[in-house]
Amino acid sequence: MKKIMLIGSGGSGKSTLAKQLSRALGIPVYHLDTLFWKPNWQGVPREEQTRIQADLIARDDWIIDGNYGGYDHLS
């Protein structure tokens, strides 16, 4: 397993599981909250979100966690 996506509601344990899987499998983890929010909870524009996601999925291995809509282009 080299690519894992964890999607779910806030507080459901996605980030905790992502960190555990990252340690166990040696795969980098990317938390979409840290990538899609700027200081003071200013959201990143949709176009930038799409670019960030495309850059991430092009990598050889990853664990991504978040609860954002619009993941259809990741498959």
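Numbers below:
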item	result
Count of the stretch 17-40 residues which are surrounded by fewer than 16 Cβ atoms within 10 Å (Cβ to Cβ), out of contact with any Phe, Trp or Tyr (no Cβ under 7 Å at 6 or more places or on another chain) and modelled with pLDDT of 95 or more	6
Filter result for G43 (at pLDDT below 90 and within 13 Å of the chain's Cα centre (by Cα))	no
Residue count, the stretch 1-45 (criterion: in a helix (DSSP H, G or I), without any contact (Cβ under 8 Å) to a residue 24 or more places away in the chain and of a type outside the set (F, W, Y))	9
Scan of the stretch 6-48 for residues that are under 13 Å from N67 (Cβ atoms) and either in contact with a Ser or Thr (Cβ under 9 Å, 6 or more places away or on another chain) or polar (S, T, N, Q) (or both), ordered by number	L6, S9, S12, S15, H31, D33
Residue in the stretch 34-42 that is under 25 Å from M1 (Cα atoms) and of a type in the set (F, W, Y) present	no
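The values are calculated or read from the model by the stated rules, or taken from the named source; none is laboratory data. Note that the structure is predicted; figures quoted are calculated from it, not measured. Every residue, glycine among them, receives a Cβ derived from its backbone with ideal geometry; neighbour counts consider all protein chains shown.
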